[in-house]
Amino acid sequence: MRDPKRLIILASGSGSNAEAIMQYFQQSEDVIIGHVITNKKNAGVLARAAKFGINADHVPPKEIDDFLLSLHKANRVDAIILAGFLRKISQRLLMVFPHHILNIHPSLLPKFGGKGMYGKHVHQAVKDAQETQTGITIHVVNAEYDKGKILHQATLAISSSDDSESIGSKVLKLEHFHYPRVISQWLSGLKPPV
């Protein structure tokens, strides 16, 4: 029997994407979600992880690297999944996990990406630009915000009657559907980190 892939999820907020991922892999023999880490003390993702019986911790931002690397040392971590994690990934983690960190962005990159572009800020920018479509981008994380290799994009039409909130709601449905499936596909070809 082959070794299952072990994931760590990093999240900063309510954790709806994290929950979609936990639910998707709940019965999987090939993927284990070993831990959920958040940089926010009262993040909703902590309760969502508890619901699935997954270890979850609030870790101060400056301690996340050490915490994560100690998990990796104790029990190999194959990949890190960002699910609404609002901090830049350090060079140190990128060196330990090159091409093994995945992120989802709520627009069709390269449009509406970069520092400060997350959640409602993205949806408002899409609305202000009078775009007729938007979507999601799932990409590998590198040293620059939203510039890593794109693995998957999914689009949806928006109309002039949509506001940033309705755009956000439509985009979230796309995220919940596509992210776990793309993670699964990506993991199947992923070698363990060096």
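What follows is calculated from the coordinates using simple rules that are stated; it is not laboratory data. The structure displayed is predicted, hence computed values, not measured ones. Quick reminder, even Gly has a Cβ in these numbers, built from the backbone with ideal geometry, and neighbours come from all protein chains shown.
Quote the charge dipole size of the stretch 1-63 about the Cα centre in Debye, to the nearest 20; the model charges only the Cβ of Lys and Arg (+1) and of Asp and Glu (-1).
Dipole size: approximately 200 debye.
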At most 13 other Cβ atoms within 10 Å plus a DSSP loop assignment makes a site exposed; report the longest stretch of the chain without any exposed GluC sites (Glu not before Pro). 30-143
Using the 2.2 N^0.38 Å rule of thumb for compact globular proteins, work out how the stretch 121-194 stacks up: its C-alpha Rg over that value, please. 1.29
Okay, helix-only estimate at 222 nm for the chain: each DSSP H run of n ≥ 4 adds -39500 (n - 2.57), divide by all residues, round to 500 deg cm²/dmol; what do you get? -10500 deg cm²/dmol
How high is the FRET efficiency from Asp57 to Lys120, r the C-beta distance, R0 30 Å, rounded to 0.05? 0.65
In whole Å, what three semi-axes, largest first, describe the equivalent ellipsoid of the chain built from its Cα gyration tensor (square root of 5 times each eigenvalue)? 28, 17, 17
Cβ-derived FRET efficiency at R0 41 Å, Asp3 paired with Arg87, nearest 0.05: 0.90
If R₀ is 22 angstrom, what is the calculated FRET efficiency for the pair Lys40 and Asp66, using the beta carbon separation as r and rounding to 0.05? 0.75
